[in-house]
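What follows is a short report on a single structure.
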Amino acid sequence: VAGLGNYGLWGTRHSVGMAVLDRLARQLAVAGSWRADRRCCADVALAAAQGLELVLLKPRRLMNINGLSVASAAEIYSLRPEDIYLVHDDLDKALGKVAIKLGGSARGHNGVRSCINALHSN
């Protein structure tokens, strides 16, 4: 699960993906286990939920190149594109509304576009 955003710019709508990952880590009781992983230039926490092993990822790059971190983590942790969930802002959605989408285009979101390009998959 990758929380897209601009690392270090906390509290902005554009970094809501990282805020969601922080909340998820607290709910999964792994908030204290974030570590910087230089191999993928991201903060990573490992968790388990409902029999699944999760890799929580907060790229340490600007939004427009978050895909480089996501693709590197996919290689390190042997993940296929279909194993990856992206959490990101969407200006077309009202604040507080959530949508789940399988595949498709980036719809103008540069972080999602970066992931599509780096993973060679939509």
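Do any trypsin sites (Lys or Arg not before Pro) in the range 31-80 lie in a DSSP loop with no more than 13 other beta carbon atoms within 10 Å, and if so, which?
Within the range 31-80, the qualifying trypsin sites (Lys or Arg not before Pro) (loop, at most 13 other Cβ atoms within 10 Å) are Arg38, Arg39.
Chymotrypsin sites (Phe, Trp or Tyr not before Pro) within the range 1-59: which are DSSP loop residues with at most 11 other Cβ atoms inside 10 Å?
Answer by residue number: Trp10.
When the helices in the chain are scored as -39500 (n - 2.57) per DSSP H run of 4 or longer and the sum is shared across all residues, what 222 nm value do you end up with, to the nearest 500 deg cm²/dmol?
Calculated from helices alone, the mean residue ellipticity at 222 nm is -8000 deg cm²/dmol.
I'd like the accessible area for Asp92: 1.4 Å probe, protein heavy atoms, all chains in place, Å² to the nearest 10.
110
Quick one: Kirkwood hydrodynamic radius for the range 2-119, alpha-carbon pairs, angstrom, one decimal?
Evaluated on the range 2-119, it is 14.3 Å.
The values are calculated or read from the model by the stated rules, or taken from the named source; none is laboratory data. Model, not experiment: these values are computed from the prediction. Reconstructed Cβ throughout: ideal geometry from the backbone, glycine too, with neighbour counts over all protein chains shown. Protein only, heavy atoms only, side chains kept; ligands, DNA and RNA dropped before computing areas. Shrake-Rupley method; radii C 1.70, N 1.55, O 1.52, S 1.80 Å.
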